[in-house]
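**Student:** For reference, the structure I am asking about is given below.
Readers should treat all values here as calculations from the given coordinates under stated rules, not as data from a laboratory. On a predicted model such as this, the values are computed, not experimentally measured, just so you know. Reconstructed Cβ throughout: ideal geometry from the backbone, glycine too, with neighbour counts over all protein chains shown.
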């Protein structure tokens, strides 16, 4: 190889490395930290015909909200050893706790643009589960037997967790759990605040639980580190979902997932659904998943078709709603990083093959909602905070309206169960553009 060829190869290698780092830097921008304020008031509540709150128990009123959290982040402790928060490192044991959040001002009903500050004021870990994997033995019949000491520890922790959740269920007439799953580059505090403001606009009904896994690592390679932490947490998430589904006090479970959290949720659910079917159970009845809402899903579309659609996961839950945005620059960066043809969270009707469209048409409990608007900021990854989108998600979860029902009249049907949602900034010409 002559000097010229060597220089060309070196230049190509440097160019590839630069491109790799550039993509990671683009991904990092999507979670840049800033003082936290509430999202804009969802359009659903801008007229008096839809009340934000019904009759609330005194414990649920006021400008302080309590949010349950489940986590396998490594605790951050003070000098006395008390847990005061959680970082981005992994813990082999899961925990359940309660975080208190304060909204600085009463949120005016009619002011779309007013966004009061919101902050986390306290954290209290209430339950600590045994470390995984559990020690076990195998008997002569090949059965797995977890060590008795660990079984006893598990039963004690589960009883404590059940009491915590049952106490919260007693405060609300809706015996539902709302479980929220975040993406990469997200701190513990950010996940709690997001869940708090979302639950506030759910009318503070049901029990809010944020499942917060070890994301938010530092450094240029944060995305790959967080991505593998998402794989690490799957076992703990499966155990927690299995625990929730086994509580007779809980009637329904609603799951919302964002960005890379979609893959974490779908992986755990896929394994639980296979497990239920292998045991002769109806996974829809067994797992009690009423709504599965996938927002800005950072997943390869072909992988999703093979592992999710191929395992017929859709019929295992009551409803699936997928929100996408073709202008999502964060997902475009991920697409470039992995040389992916399509990410699930960027899909539009024109991206689908006829066979894929046929799959959608046959899934009567699924809706694909394509966002077209200016929301999302520099990298277009937080368009779900757009008042039109957040309002639509709330109408799905709180009222169970299908497109065209109730106040979900603003969705434009594109093809079968594919719909378009636009914000108010779009001109009539922009709204008429094909997608």
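**Student:** Return a whole-number percent for the relative contact order of segment 174-226, with Cα pairs under 8 Å and 6 or more residues apart as the contact set. Working shown, then result.
**Tutor:** Working: 60 pairs, mean separation 25.8, N = 53.
Normalised by residue count, the contact order of segment 174-226 is 49 percent.
**Student:** Among 271, 412, which comes first, second and so on when ranked by fewest other beta-carbon atoms within 10 Å?
**Tutor:** Fewest-to-most Cβ neighbours within 10 Å comes out as 412, 271.
**Student:** Cut-off is 10 Å between beta-carbons; in what order do 149, 298, 367 appear when sorted fewest neighbours first? Present the calculation step by step, with values, prior to reporting the outcome.
**Tutor:** On the way: 149 10, 298 30, 367 22.
The order, fewest Cβ neighbours first, is 149, 367, 298.
**Student:** Here's another thing I want to ask about it. Between segment 188-202 and segment 278-322, how far is it from one alpha carbon centroid to the other, in angstrom?
**Tutor:** Centre-to-centre distance over Cα atoms comes out at 24 Å.
**Student:** Same structure, new question: Consider the candidate values (i) 80, 50, 39; (ii) 97, 64, 39; (iii) 68, 65, 50; state which one is Cα extents along the principal axes in Å computed from the structure displayed.
**Tutor:** The listed entry that was calculated here is (iii).
**Student:** For residue 228 and residue 271, calculate 0.36 nm times their separation in residues minus their Cα-Cα distance, and state this gained length in nm to one decimal. Walk me through the numbers on the way to the answer.
**Tutor:** Working: separation 43, 0.36 × 43 = 15.48 nm, distance 1.77 nm.
Between residue 228 and residue 271, full extension yields 13.7 nm more.
**Student:** Using a Gaussian network model on the chain with a 10 Å cutoff between Cα atoms, which of 142, 203, 219 fluctuates the most?
**Tutor:** Comparing 142, 203, 219 in a Gaussian network model of the chain, the most mobile one is 142.
**Student:** Can you sort 336, 259 from fewest to most other Cβ atoms within 10 Å of each residue's own Cβ?
**Tutor:** On the way: 336 15, 259 32.
In increasing order of surrounding Cβ atoms, one gets 336, 259.
**Student:** Based on DSSP H runs of at least 4 residues, each adding -39500 (n - 2.57), what is the mean residue ellipticity at 222 nm of the chain after dividing by all its residues, to the nearest 500 deg cm²/dmol?
**Tutor:** Values: 12 runs with 143 residues, N = 435.
Result for the chain: -10000 deg cm²/dmol, rounded to the nearest 500.
**Student:** Let me ask something else. Note the full-extension length gain between residue 170 and residue 362 as 0.36 nm times their separation in residues minus their Cα-Cα distance, in nm to one decimal. All intermediate terms of the calculation are to be shown ahead of the outcome.
**Tutor:** Numbers: separation 192, 0.36 × 192 = 69.12 nm, distance 3.90 nm.
That works out to 65.2 nm of additional length.
**Student:** Given contacts defined as C-alpha pairs under 8 Å and at least six residues apart, what's the relative contact order of the chain, whole-number percent?
**Tutor:** Numbers: 783 pairs, mean separation 61.2, N = 435.
RCO, the chain: 14 percent.
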